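So the structure is just underneath, and the comments pick up after that.
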Amino acid sequence: MSTVQTWVTGFTAHARSSAGAKLPWLAATRQRAIERFAAEGWPTSRQEAWRHTSLAVLEQQSFLDAGKPSVAQFAQQLRGDEPGHWLVFVDGRHAPELSDVGSLPAGARVQSLSEALEQVPEQVEAVFGNELEGSSTAALNAALAADGAFISLARGVELDKPVHLLFIAASPQAASFPRNFIVADAAARAVVVEHYAGQGSGASLTNAVTRAELAADAHITHLKLQQEDAQAFHLGAISVEQAKGSVFNSHSMSFGARLARHDIANSFAGDHCETLLNGLYYVDGRRHVDHHTLIDHARPHGVSREFYRGILDDTARGVFGGRILVAPGADKTDAVQRSDSLLLSRMAKADARPELEIYADDVKCAHGATVGQLDEDSMFYLRSRGLDETHARNVLTYAFAAQAVDRIEPPALRSKVIAAIRKLVPGGASLGEF
Amino acid sequence: MLSIKDLHASVEDKAILRGLNLEVKAGEVHAIMGPNGSGKSTLSQVLAGREDYKVDSGSVQWQGQDLLSMPIEERARSGLFLAFQYPIEIPGVSNAYFLRAAVNASRRHQGLPELDAMDFIKKVKAEMKAVGMKEEFLYRSVNEGFSGGEKKRNEVLQMTLLEPKLAILDETDSGLDIDALKVVADGVNRLRSPERALIVITHYQRLLDYIVPDFVHVLAGGRIVRSGGHELALELEERGYGWVKELASQEKGAAA
C-alpha cells in the first residue's frame, strides 16, 4: 500500500543512501519535505486544486524499489536517430550506459542530478527549491528525489540541438521521483524535451518535478511528452521563474497513464516576459488527466498565451484549471487563455475552470472554454465529399489534436507527438500525411 | 439522370419546399433563380443529404436510385457534387489530405486504384493552375483563412478533381469579383460534357453570361413558378423579383 506511512517509514533508509546524502542543506530540505508530506498526506478532493482528482486508487497501490531491468532496446527505439544531448533514466535513476550527452558548447552543463550533486553542489543548492512549493506531492518529490537532470547554461550560451531527457518506467510497480533543473543565464537558449514512457511497467508511479530559472532574455522551449503505461500514475509539476524579457514556451502532451496530474506554475519576476502554455491530452477508458496552471503576472508588459485541448473517449475524465494572476501595477499585461475539450463519448467528462484574478487596470485578459462534440457542419462537408462517417470523425479528431501540435516550435519536435497521436486516434496511421 | 417529383421539405417545422418538380438529363445545364428565402439553398442541401432538413413528401430519383434513402457519402461517391455557398473551414486538416481523401473515396467506389501522395500531388497541381490557385493552398488547412474568392476556387477545384456526373453550384458567384467569376465559370465550362449535368443556383443573372444554361427555372415560395430558356434570366435581371413573388402568392392562393 502506498499509504503515507509507507513512504515516511521508507524515507530514512532512502535518505541515507541517496545521492547527495552527505550535503547538510540537502539532508535538511529532504527532512522538512518528508515532514510536510507526513503532516499533509496525499492531496484530497477537499483541497480546491484537487477537487476533481482523487488519489485514492494510488494509495491502494504498492510500489517497490526497482531492480535493474533491461531497457536498452526500448530506449534505442524511443530515441530513434534524433539528434540531441541524451540523458536516459530508468525507474528514476540515471542510466549512463544509455545516455549520450555528446559535445556541448563551453558554459553548458547537461548531466544527471546525482553527478551535479557531486560536482557542483552549490549550484544545485541555489535552485533546488524547498518543501513548501506546490502540493504535498511535490514535497514528497523533494524528500525522495535522488536523481534527475541538471541543465545549466552560462550567459549567451545556445544549444543548437535539443536536450532529450528520457524517463523509462521499466519495472512493474516502480516508483520514481525525478527532479530536473533548467538554469538559463542571460540570453541563453535551449530546447528541452522530457519524455516519459513505460515499458509494460503496469502500475508504476512517476512523481516528477522540473524547475526552471530563466535570467534576462533567456529563451527556453520545454516539451513534455507523457506516454506512460495505461495503468501508471504520473504526478508532475513544472515551476518556472522568469526574469526580464525571457521567454518560456511549454508544451505539455499527455497521452498515457491511468491518472496524470500536471501542475505548471509560471512566475514573471521581470518586465516583458513571455510564455506559451500549450497543452494537449488524450484519454480513453477510465483514465483521468488533470492540468492545473498558474501564471503569475507579477510585472508589467507580460504576455501569456495558454491553449489547452483535450480529447476524451469512453468514460475518461479531463480536468483543466487555469489561474491567471495579474498583480497590482502589472500594467500592459496581455493574457489569453483557452481550453477546448472534445468529447467522443457521451460518458466522457471534461471540467474546465478559468480563474482570473486581476489587480491591475491597464490589462488585456481574455479567456474562453468549450466542451463539445465534433462539429456537424464539418462532418457534413467531409461526407459530402465522399468520406464515410467513421473516416470523417477520425479526420476531425486528428485535426483537433493537430492544432495543438502546430503550435510546437521548432517543427522538428512535432514528429514524436504526431506519432503518439496517430497511435491513439482510430485510423490514425494514415491521417495527416501532408 | 435526376428526377424530382412534388418535393416537400421543411426545417424546424417550417415548410420551405412546397411541391417542387424538376427533370435534369445528362448534358443539360439548368439554372435556378429566385429571390432570397425562396428555397434555393434548401433544395441543394436536401439533394446533398443534409440531415437538418426534413423531407415531408415527394421523391427524388437519381440514376435510377432513390436518392433520399442514400447516405450523404453514397450520394457523393455516385457522382453528385454540391459546391457550397459557404464552404466550411476545417482547421487542422490540410487541403491536400482532404482533396486526396475525397478523390480516393470516389476512385474506390468506381473500382479504381487509389492515388498515392505523389500521383495525387501531380494531378492536383495541374488542376490548381487551371483554377488559379497557388500551391501553398495545398498545405493550408481546408478553407481556413481563405478569402471568399479562394474558398469558391477551392470548391471548383474539388469539383474538377471529382469529375461529378451532376454538379450543383449553390450561389458560387456570390462575393466574387469579375475575374474570379470568370475563373470559376471556366472551371465549370471545362466540365461540361454530354454525360454531365449542372444545376446552377444563383440570385443574379451575371454568372449565366459565362455559364450559359439550357434551362432557367424561377423558384418562389418553394416551387418552380416559371421555366424557360436563357432569356428568362435576362428578363429577371431587367424586371427584378417583385413580379415573381406576386406570381408565387397568386399560385398559392389558387392552390388553396
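A full extension of the chain between B:ASN36 and B:ARG206 corresponds to an added length of 59.6 nm, given 0.36 nm per residue minus the alpha carbon distance.
Please report the antiparallel percentage of the DSSP beta bridges confined to the protein assembly as shown, to the nearest 5. Rounded to the nearest five, the antiparallel share is 20 percent. For B:LYS14, the lysines whose Cα falls under 25 Å of its own Cα, not counting residues fewer than eight places away in the same chain, are B:LYS5, B:LYS40, B:LYS54, B:LYS245, B:LYS252. Counts of other chain beta carbons within 10 angstrom of each beta carbon in peptide A:387-394 average 3.
Using the rule -39500 (n - 2.57) for each DSSP H run of four or more residues, divided by the residues of the protein assembly as shown, the 222 nm mean residue ellipticity is -9000 deg cm²/dmol. The orientation-averaged projection of the convex hull spanning the C-alpha atoms of segment B:1-139 amounts to 10.3 square nanometres.
Packing, as the average of other Cβ atoms within 10 Å across residues, places the peptides A:218-228, A:167-177 in the order A:167-177, A:218-228, highest first.
May I ask you to derive the FRET efficiency for B:ARG107 and B:GLU231 from their Cβ-Cβ distance with R0 = 41 Å, giving the value to the nearest 0.05?
Details: r = 41 Å, r/R0 = 1.00.
It comes to 0.50.
Taking 23 Å as the straight-line reach from the Cα of A:LYS364, the lysines in range (excluding those fewer than 8 positions away in the same chain) are A:LYS244, A:LYS332.
Residue by residue along B:70-76, Cβ atoms of other protein chains within 10 Å of the local Cβ number 5 on average. Would you mind calculating the relative contact order of segment A:4-270 from Cα pairs under 8 angstrom and at least 6 residues apart, reporting the percent as a whole number? Relative contact order, segment A:4-270: 16 percent. With Cα atoms as the point set, segment A:334-434 shows a radius of gyration and Dmax of 16.8, 53 Å. Here, segment A:376-434 has an Rg and a Dmax of 12.2, 36 Å when only alpha carbons are counted.
Classify segment A:1-47 as rounded, prolate or oblate from the Cα gyration tensor: take a ≥ b ≥ c as the square roots of its eigenvalues, call it rounded if a/c is under 1.5, otherwise prolate when a/b beats b/c and oblate if not.
Note, shape of segment A:1-47 comes out oblate.
Only Cα pairs under 8 Å and at least 6 apart count here; give the relative contact order of segment A:376-434 as a rounded whole percent.
Numbers: 34 pairs, mean separation 18.4, N = 59.
Computed over segment A:376-434, the figure is 31 percent.
For segment A:143-178, the residues whose backbone nitrogen is under 19 Å from a point 7 Å from the Cα of A:GLU35, taken along Cα to Cβ, are A:143-145. For the protein assembly as shown, the equivalent ellipsoid derived from the alpha-carbon gyration tensor has semi-axes of 60, 24, 24 Å in decreasing order.
The lysines whose alpha-carbon is closer than 25 Å to the alpha-carbon of A:LYS22, local same-chain residues fewer than 8 away aside, are A:LYS68.
From the mean inverse distance of alpha carbon pairs (Kirkwood) and the Cα radius of gyration, derive Rg over Rh for segment A:4-270.
Working: Rg = 17.3 Å, Rh = 18.5 Å.
My calculation of the ratio gives 0.94.
Of the cross-linked pairs A:LYS423/B:LYS152; B:LYS125/B:LYS165; A:LYS349/A:LYS423, those separated by over 27 Å at the C-alpha level are A:LYS423/B:LYS152.
Counting only alpha carbon atoms, the long axis of helix B:148-162 and the longest principal axis of chain B meet at about 80°.
Here, each number is a calculation from the coordinates, and none is a lab measurement. Bear in mind that the values here come from a model prediction, so they are computed numbers and not experimental data. Using ideal geometry, Cβ is built from the backbone for each residue, glycine included, and neighbour counts are taken over all protein chains shown.
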